[in-house]
Amino acid sequence: MSAVIERRLRNMTVAALVGLGGAVGAGGAPDALASQRQPDACALFTRKDAERVLGKSVRHETNITGTEASTCGYVAEKDAKRFVSLSVGEFASRVEASKAYTRARVNARFDGLKVETMHRLGNRAYWLPKTNNFEPTIVGDKLVIGELTVLTGRRVYTVYIAPPSKTKARDAINLVIAD
């Protein structure tokens with residue numbers, strides 16, 4: 001994966017979290033969230049998990065941990081157009097997490113994206129067959145990326161996957177949130 005793609009993955013994480021943290025502007029969440037240590041996405045979603053989801057050998061591309069979220073991404077070793085990434089943000093309360101999840105979903109609809117409710121992933125999950133969080137390119141080819149977001153307790157998880165696959169995104173999130 002090129003440096004441009006990695007930079008855009010980082011920007012995607014920030015964009016997603018700004019969307020998740022959209023509730024931030026609505027009432028004090030930045031202070032509560034900023035003081036909280038975020039879960040390690042790479043501990044939650046390992047290289048082995050990524051290989052299982054993509055069905056190919058992968059290499060680790062991104063490992064970003066900040067005060068707002070943690071992101072871990074993998075790309076297929078022989079096909080840079082195939083990747084999977086997990087972002088997770090843990091909020092100070094279930095209410096703040098719910099607000100962030102709801103705001104991200106509303107923003108996606110407002111942006112004109114197709115938003116599909118996902119079943120069998122708890123009460124709050126949605127799939128975007130095409131995200132607009134960023135537009136990665138590989139050697140001039142734009143990639144289409146799917147996005148699955150799930151709210152569980154105080155955490156909001158987002159899986160990004162290219163090419164988009166609702167089934168593979170669901171498989172990835174199930175590896176992360178399995179009991």
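Can you order the peptides 99-110, 150-161 by their average number of other Cβ atoms within 10 Å per residue, highest first?
Ranked from most to least packed, the peptides come out as 150-161, 99-110.
Could you give the length gained by full extension between Glu116 and Asp40, i.e. 0.36 nm per residue of separation minus their alpha carbon distance, to one decimal place?
24.6 nm
Have a look at Val84, Val95, His119 and report the one farthest towards the positive end of the charge dipole of the stretch 79-122, computed about the Cα centre with Cβ charges (Lys/Arg +1, Asp/Glu -1).
Of the options given, the answer is His119.
How many nm is it between the label spots at Arg94 and Lys166, if each spot is 7 Å from the Cα in line with the beta carbon?
Label-label distance for Arg94 and Lys166, simple model: 2.8 nm.
Considering only C-alpha atoms, what is the centroid distance from the stretch 63-96 to the stretch 164-178, in Å?
The stretch 63-96 and the stretch 164-178 have Cα centres spaced 13 Å from each other.
Every number in this text was worked out from the coordinates using simple rules, so none of it is lab data. Values in this document were obtained by computation on a predicted structure and should not be read as measured data. Counting neighbours? That spans all protein chains shown, and the Cβs are built from the backbone with ideal geometry, glycine included.
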